[in-house]
Amino acid sequence: MSKNSHPVEGPDGFVYQCRLPLSSATLDMVAGLIRGHLKKIRSRWRKLPPGRIALIVLAVLRHDQQLSDMAGGNGVSASTVRRWLLEVIGLLSARAPRLDRALKKIARKGGVVVLLDGTLVRTRRRTGDENRPNYSGKRKAHGLLFLALTDEAGNLVWLSAAKPGRSSEITAARHNRITTRLREAGLGALADLCFVGLDDDPDDPVIVTGRKATRGHPLTDAQKEANRLVSRERAANEHGFADLKNWRILTKVRMNARYATTLLRALLVLTNAEVQR
């Protein structure tokens, strides 16, 4: 990993160096996207060159640097940094794979199964009528729900659009027609107990989950062992989520929620550029 550094303005106005633990290839990829975009829109001038803009945006995404801090350390305004940030995540998210294409790519490589799970990306608590939909009673926090698919090694291959935090994983999966897409690609999926009942064809399931115990019907030893096997095989998808959440801007998303899907898909592209198992 390269050890790129970028300037950050301290509380007393002094500029110090902050290490950016990303590869030079990732920095070059983002800078190349910016150059291509500027050429496409015939923009002949920016306050800073594309490489420097890429470095600033990646620092915001990786370290969750305040926009005003990055602006002060680079001689631009906070609104300019915000504009660059939104521009770059838009360019990156356009490269994120669609669900059907991601599944067909895995099938072409000889894959037979993907791992399905959901995660809550925490957001600021909102006010008024916007507060309740984003509150997840399951996780006791405000946020947005995303579904993710990873391959058997734990590499992220697809992220859904954002849903309010109160949504359930199984409802989000039905909205995205995941079972239909899996059948079209000839793949199966392993999922946790949140997805029990998702599959629309119990006689020929493509979604494999564990078994739930019910009142008066505890799990047998064989069912418990089957649950352990599913959990063990599903463990790899936690690596995918961990890679994604290394981008500290996801610690608590402060930008407007309407940009959240674009942000997550941009981070998916960056994560896959950095990590491949």
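The values are calculated or read from the model by the stated rules, or taken from the named source; none is laboratory data. For clarity, every value in this text was computed on a predicted model and none was experimentally measured. With ideal geometry, Cβ positions are generated from the backbone for all residues, glycine too; neighbour counts draw on all protein chains shown. Heavy atoms of the whole protein, side chains included, go into the accessibility calculation; ligands, DNA and RNA do not. Shrake-Rupley method; radii C 1.70, N 1.55, O 1.52, S 1.80 Å.
Structural remarks
- Residue ID - most open to solvent (accessible area, probe 1.4 Å), chosen from residues in the stretch 201-243 that are of a type in the set (S, T, N, Q) and not in a loop (DSSP other than H, G, I, E, B): THR214
- Index of the failed condition, ILE53 passing every other in (1) part of a helix (DSSP H, G or I); (2) open to solvent by less than 40 Å² (accessible area, probe 1.4 Å); (3) modelled with pLDDT under 90: (3)
- Exactly one residue out of LEU99, LEU91, LEU103, LEU61 is touching a helix residue (DSSP H, G or I) at 6+ places or on another chain (Cβ under 7 Å) and over 30 Å from THR180 (Cα atoms): that is LEU61.
Residues are listed down the side, and each one gets a yes or a no for (1) closer than 23 Å to LEU267 by Cβ; (2) open to solvent by 30 Å² or more (accessible area, probe 1.4 Å); (3) modelled with pLDDT under 95:
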| site | (1), (2), (3) |
| --- | --- |
| LYS3 | yes, yes, yes |
| HIS6 | yes, no, yes |
| GLU9 | no, yes, yes |
| GLY13 | no, yes, yes |
| TYR16 | no, yes, yes |
| SER24 | yes, yes, yes |
| TRP45 | no, yes, yes |
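- Scan of the stretch 159-186 for residues that are in a strand (DSSP E or B), of a type outside the set (Lys, Arg) and open to solvent by 10 Å² or more (accessible area, probe 1.4 Å), ordered by number: PRO164
- The set of residues in the stretch 187-200 being in contact with a helix residue (DSSP H, G or I) (Cβ under 7 Å, 6 or more places away or on another chain) and open to solvent by less than 60 Å² (accessible area, probe 1.4 Å) consists of LEU187, GLY188, ALA189, LEU190, ASP192, CYS194, PHE195, GLY197, LEU198, ASP199.
- Odd one out for LEU270, checked against (1) buried (at least 18 other Cβ atoms within 10 Å of the Cβ); (2) part of a helix (DSSP H, G or I); (3) free of Cβ contacts under 8 Å to residues at least 40 places away in the same chain: (3)
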